[in-house]
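The next block holds one structure in the form of structure tokens; read it before the comments.
Values quoted throughout were computed directly from the atomic coordinates according to the rules given, and no laboratory measurement underlies them. From a predicted model like this one, the values you see are computed outputs, not experimental measurements. Note: ideal-geometry Cβ built from the backbone for every residue, glycine included; neighbour counts use all protein chains shown.
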Amino acid sequence: MRGEIIEARMYVGLTSAAARGAATIAGVVVMVVALVAGLAPAFALEIEGVKIDDQITLGKGGPRLVLNGAGVRHRMMMIKVYVGALYLTAKKTSTEDVLADPGPKRVAMHILIDELTAKELTASLNNALAANHIPAELALIESRIQNLNRMMNSVGVIKKGGIVLLDYLPGAGTRITVNGEEKITIKGDDFFQAMLRIWIGKKPVDGRLRDAMLGGSGEFRLF
């Protein structure tokens, strides 16, 4: 009888030790998972294989922005040209609110098509600028538009997987980066506001993309 009691106590002790060991291992696993999650980039969503960051920072030590919305730029309804994403200091759902926001911003273009030539991109941007501004407004930024066109022409071709960033930095202007290389900074708040209307103006380059950038679904609608 006494031997049975001793064996029972030993069993209970072993069981408790095993439980404590299992709890310790579980705790370590949780800590490792949390650490990895903290180090890994936070992706808000994936569109056409492109992972879109939930938050970004405009340069080392720069302001942190949140994703307002992202979608696909289509050509002739079907051809997928790039994934466009809009980042702001705080989310907004209307063009008027975005344009009235004086804070830093980013428009990112992740190229989906095999090759996007500078001629195609600048033609698309220039047409959208003309559609959303009267001639007198365009005249005020004409020389800066030409600077943008010359810069893009010097790039030549952007291949699939390439990234074009337009960052608005208050007090500095619009910084344009192509595939990680800073190309030009164009001065003036009015210039970036004009560029924003390309994507979220009354006559955007792609209506579905505008809706997506403003936090909507960006789904196709006949009416």
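Each 10 Å bin from zero holds the following percent of Cα-Cα pairs in region 66-156: 14, 37, 42, 8. Charged neighbours of Leu125, selected by a Cβ distance under 14 Å, balance to +4 (K, R count +1; D, E count -1). Modelled spin labels at Asp101 and Ala131, positioned 7 Å past Cα toward Cβ, are 2.3 nm from each other.
Note down the net charge around Glu48, summing +1 for each Lys or Arg and -1 for each Asp or Glu among other residues with Cβ under 12 Å from its Cβ. Taking every Cβ under 12 Å from that of Glu48, the sum is +3.
Please go through the residue pairs Lys60/Lys92; Lys91/Lys119; Lys92/Lys202; Lys105/Lys160; Lys60/Lys80 and name each one whose alpha carbons sit more than 27 Å apart in this structure. Lys91/Lys119; Lys60/Lys80, as the Cα separations exceed 27 Å there. The fraction of all Cα pairs in region 43-213 landing in successive 10 Å bins from 0 to the largest distance is 10, 42, 41, 8, 0, given as whole percents.
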